[in-house]
1. May I ask you to say which residue of 125, 79, 98 is in contact with a helix residue (DSSP H, G or I) (Cβ under 7 Å, 6 or more places away or on another chain), part of a helix (DSSP H, G or I) and more than 14 Å from the ligand (Cβ to nearest atom)?
2. Considering only segment 31-56, how many residues are buried (at least 16 other Cβ atoms within 10 Å of the Cβ) and near the ligand (Cβ under 9 Å from one of its atoms)?
3. Among what's in segment 100-127 and is surrounded by fewer than 16 Cβ atoms within 10 Å (Cβ to Cβ) and of a type in the set (A, V, I, L, M), pick the residue that is modelled with the lowest pLDDT.
4. Working only within segment 73-99, note down all residues that are among the polar types (S, T, N, Q) and surrounded by 15 or more Cβ atoms within 10 Å (Cβ to Cβ).
5. Considering only residues that are of a type in the set (A, V, I, L, M, F, W, C) and more than 24 Å from residue 11 (Cα to Cα), look in segment 57-76 and name the one that is farthest from the ligand (Cβ to nearest atom).
6. So residue 6 passes all but one of these: (1) in a helix (DSSP H, G or I); (2) within 20 Å of residue 85 (Cβ to Cβ). Which condition number does it fail?
7. Let me spell it out: the conditions are (1) in contact with a Pro (Cβ under 9 Å, 6 or more places away or on another chain); (2) closer than 29 Å to residue 4 by Cβ; (3) assigned to a loop (DSSP other than H, G, I, E, B), and residue 104 meets all of them except one. Which number is the exception?
8. Taking segment 1-30, which residues are within 16 Å of the ligand (Cβ to nearest atom) and either of a type in the set (Ser, Thr, Tyr) or touching a residue at least 60 places away in the same chain (Cβ under 8 Å) (or both)?
Amino acid sequence: MARKLEEYQQRQKDLSLLGKPLARRAKSKCELCGDATSLKIYELNPQTDVIPERCCMLCDVCSIQLASGNLDPNHWYCLNDAMWSEIPVVQALSFKLLNQLQTDHGWAADLLEQMYIDEETKGLLEA
Ligand SMILES: [Zn+2]
């Protein structure tokens, strides 16, 4: 029990240390949609340790929809820009979201066709 709490606290500490460099990289904007409100660190497939390469800055709207899988297509036109990001975790998230959206939305399928993503980046999507 105490161990779990310790691990949790260590994780929160590691994440908070990432806050500043991530905010700088993200220019204090959501790395998917560019919104500047209520930014938080989002971890893609968290591992035992906090891995900066799996972290990005996201707004509430993006992180809630990502977590729930309940995607509002109107929000995700932003992927048109995000998919060209140079940051692998942002590319991986764009790829994942476009894949989910493409079943019902032709524009998402079109974007996926234009998108370039290497295998290593795709690997971030595997837990
Ligand atoms: Zn956002």
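The values are calculated or read from the model by the stated rules, or taken from the named source; none is laboratory data. Model, not experiment: these values are computed from the prediction. Glycine gets a Cβ as well: all are built from the backbone with ideal geometry, and neighbour counts include every protein chain shown.
1. Details: 125 fails: part of a helix (DSSP H, G or I); 79 fails: more than 14 Å from the ligand (Cβ to nearest atom).
Selected residue: 98, the only one of 125, 79, 98 that is in contact with a helix residue (DSSP H, G or I) (Cβ under 7 Å, 6 or more places away or on another chain), part of a helix (DSSP H, G or I) and more than 14 Å from the ligand (Cβ to nearest atom).
2. Count: 5.
3. 127
4. Applying the first criterion (among the polar types (S, T, N, Q)) to segment 73-99 yields 74, 80, 85, 91, 94, 99.
Scanning segment 73-99 gives 80, 85, 91, 94.
5. So the first thing to find is which residues in segment 57-76 are of a type in the set (A, V, I, L, M, F, W, C), and the list is 57-59, 61-62, 64, 66-67, 71, 76.
Subsequent filtering for residues that are more than 24 Å from residue 11 (Cα to Cα) retains 71, 76.
Working: 71: 12, 76: 10 Å.
Per the criteria, the residue is 71.
6. Evaluating residue 6 over (1) in a helix (DSSP H, G or I); (2) within 20 Å of residue 85 (Cβ to Cβ) leaves (2) as the failure.
7. Only one criterion in (1) in contact with a Pro (Cβ under 9 Å, 6 or more places away or on another chain); (2) closer than 29 Å to residue 4 by Cβ; (3) assigned to a loop (DSSP other than H, G, I, E, B) is unmet by residue 104, namely (2).
8. Here is the first cut: in segment 1-30, the ones within 16 Å of the ligand (Cβ to nearest atom) are 22-23, 25-30.
Result: 25, 28.
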